[in-house]
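**Q** Let me begin by handing over the structure; questions about it come next.
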Amino acid sequence: MSQTDIIYDDRTYENPALYDGVRSKRVFAFIIDYALVLLLCIPVSIVIFFVGLLTLGLGFFLYGILFLLVAIPYIGFTLGSESQATPGMRAMGIRLERLDGRRIDFVFAVVHSVLFWAANAILTPLILLAALVLDRKQTLHDRLLGTVVVRTDTL
């Protein structure tokens, strides 16, 4: 691990001010990001239409994974960016951080989101209630991956 991989090597995550209002901010950030991904699906669906025409219909099968074609790069490039936050998270003043102090990269951001989607699909959204009882207001996938969502105004 190089020096550039570590962001906060002396950060303490025990400060309750870091987590004040994080649960509701996460919900609103999720809604904003979902809206943005759905808007981005429009131009991608147009591209898929033309790919479908060029491939004599085979490209139309991409419509089945349209949401994934948009959401995975969206999450990877935004959550894995320097700000470690999606546009919705930035609008709400929160960011994702690893407890070991390393940066969130593209692959880690995608794994974090896929684990969220899979856990919700398999275990129902009731698993999000874990944020009500776990310390640092973590969800199940946060706990498994060693991440927390913190307010950016307390950094």
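Throughout, read-outs are computed from the coordinates displayed, never taken from laboratory work. These figures come from a predicted structure and were not determined experimentally. Note that each Cβ is placed from the backbone with ideal geometry, even for glycine, and that neighbours are counted across all protein chains shown.
**Q** May I ask which residue of Leu54, Ile65, Leu128 lies farthest towards the positive end of the charge dipole of region 17-154, with charges of +1 (Lys, Arg) and -1 (Asp, Glu) on Cβ and the Cα centre as origin?
**A** Leu128
**Q** Related question: Given the -39500 (n - 2.57) contribution per DSSP H run of 4+ residues, what per-residue ellipticity at 222 nm results for the chain, rounded to the nearest 500 deg cm²/dmol?
**A** So the calculated ellipticity at 222 nm is -16500 deg cm²/dmol.
**Q** Roughly what % of Cα-Cα distances in region 1-149 sit above 23 Å, to the whole percent?
**A** For region 1-149, the fraction of Cα-Cα distances above 23 Å is 42 percent.
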